[in-house]
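The values are calculated or read from the model by the stated rules, or taken from the named source; none is laboratory data. A quick note: this is a predicted structure, and the numbers were derived from the prediction, not measured. Cβ placement follows ideal geometry from the backbone for every residue including glycine, while neighbour counts extend to all protein chains displayed.
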Amino acid sequence: MYELKGILIQKGETIQVTDKFQKQEFVVERTEMRGEYEAIDQVKFQLMQKNCGKVDPIALQSEVKVVFDVSGRPWEKDGKISYFVNLNAWKVDALIQVESIHELAADDTAKPPVKADGTTDSLPF
């Protein structure tokens with residue numbers, strides 16, 4: 001298992017692929033320094049079967065931690081083999097749940113962000 005922390009920037013609807021298989025995709029953006037350069041990655045994950053819906057209660061732009069595994073498989077078409085890799089999310093936790101960006105922008109008295117445990121952090125940094 002692996003984990004990645006970042007900002008939830010997109011979440012899709014649950015899609016019924018077949019009568020026995022469903023999935024839901026979402027994207028997490030993470031920023032990290034690579035030497036002197038800032039790198040921004042946008043990583044697509046999928047939730048499958050009973051795990052679908054785990055991102056639904058989490059607001060976009062919230063900081064999240066995703067626990068996932070990596071799976072891959074070959075696919076052949078016209079004699080050519082391609083390989084697909086999926087990042088299968090098993091757990092998605094909101095580290096800091098934010099309000100909507102529009103609500104934050106309209107509020108001149110900026111409130112500290114609310115963490116997943118309901119507490120706030122009023123430190124300015």
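Per-structure values
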item	result
Filtered residue count, the range 55-84, keeping only those that are assigned to a loop (DSSP other than H, G, I, E, B) and surrounded by 18 or more Cβ atoms within 10 Å (Cβ to Cβ)	3
Restricting the range 10-35 to residues that are in a strand (DSSP E or B) and farther than 21 Å from Val85 by Cα, the residue that is modelled with the highest pLDDT	Thr31
